[in-house]
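Below: the structure, in structure tokens.
The values are calculated or read from the model by the stated rules, or taken from the named source; none is laboratory data. The structure presented is a predicted model; accordingly, all values stated were derived computationally and were not measured. Backbone-built Cβ (ideal geometry, glycine too); neighbour counts: all protein chains shown.
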Amino acid sequence: MASQSTRAVGVDIGGTGIKAGIVDLAEGVLVSDRVKVSTPEGAEPDDVLAAVREVLDRLGVGDDHSIPLGVAFPAIVKGGRTLSAANVSDRWIGFEAERFFTEGLGRKIHFANDADVAGIAEVRYGAARGKAGLTILTTLGTGIGTAVLYDGVLIPNSELGHVQRARHGRDAEAYAAYSAMERDHLTWKKWAKRLQWYYSHIEFLFSPDLFVVGGGVSKHADEFLPLLQLNTPIVPAVHRNNAGIIGAAALAAD
């Protein structure tokens, strides 16, 4: 049934917000309002599950088990288990998350890393579509999520937002995520200097053919991307902060 679906639901769980929408799978666009609630303080499993139920109810699909459902989560995901906890409770580490959501929602789901599903959205419907070679998508938000794609094929669970800054004792996302810009009251120009360090470092390590920049701040890409000097082309994500919803839905329907 899922393979014949023309629509699916995507839920994108982040460190500060939980977003959901109904997606047209042919076009890769939302055909509903985007529903959003704040991520519960502490992001404990039971509270996150309740918030996911809320967004599904607000979309009117809480009891509709005929439509495929994909859930994206900010963690390493292997075999349905979350093996890390980026900006959520440490209880998610080693947690049977896919089974938890399946039982809690009373339905089958597809469960995956949030940046990976954003990468799927961009390779199927957006800025990385038809691109050969190595594409690295980054989502700039509470942290830095990454998706690595080679000739359109996802290499899952990259965590390039956690590369370390030598001698500084912090990882890249603590230094250069959008949340760092807000926390340290940086101008676009000062934040771009931090991003320059980050993208130059990733460029040296991987020699990519394309960078795609997603996350909510990508709607302001003209403010900071032109300030970066890289050998690799760098472009904003077509689907911006909806990429997680769209990618989660697309994978659920596969």
Where R99 falls short, out of the listed (1) part of a helix (DSSP H, G or I); (2) under 19 Å from the mean Cα position of the chain (by Cα); (3) within 28 Å of G161 (Cα to Cα): (2)
Checking the structure you have, find out if any residue of segment 191-213 is modelled with pLDDT of 95 or more, in a loop (DSSP other than H, G, I, E, B) and either closer than 24 Å to V117 by Cβ or within 21 Å of the chain's Cα centre (by Cα) (or both). yes
Among the residues of segment 73-90, is any touching a Pro at 6+ places or on another chain (Cβ under 9 Å), free of Cβ contacts under 8 Å to residues at least 40 places away in the same chain and farther than 21 Å from T146 by Cβ? no
Just checking, does segment 156-178 include any residue being over 15 Å from the mean Cα position of the chain (by Cα), closer than 24 Å to G130 by Cβ, among the polar types (S, T, N, Q) and outside any helix (DSSP H, G or I)? no
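Out of T146, T142, T102, which single residue is touching a strand residue (DSSP E or B) at 6+ places or on another chain (Cβ under 7 Å) and of a type in the set (S, T, Y)?
Going through T146, T142, T102 in turn, just one is touching a strand residue (DSSP E or B) at 6+ places or on another chain (Cβ under 7 Å) and of a type in the set (S, T, Y): T146.
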With criteria (1) in contact (Cβ under 8 Å) with a residue 12 or more places away in the chain; (2) not in a helix (DSSP H, G or I), H185 comes up short on (1)
Are any residues in segment 95-134 surrounded by fewer than 24 Cβ atoms within 10 Å (Cβ to Cβ) and under 30 Å from R170 (Cα atoms), and if so, which ones? F95, E96, A97, L134
Yes/no for I136 being within 15 Å of the chain's Cα centre (by Cα) and more than 17 Å from R7 (Cβ to Cβ): yes
Scan segment 33-49 and give yes if some residue there is surrounded by fewer than 13 Cβ atoms within 10 Å (Cβ to Cβ), within 19 Å of the chain's Cα centre (by Cα) and part of a strand (DSSP E or B), otherwise no. yes
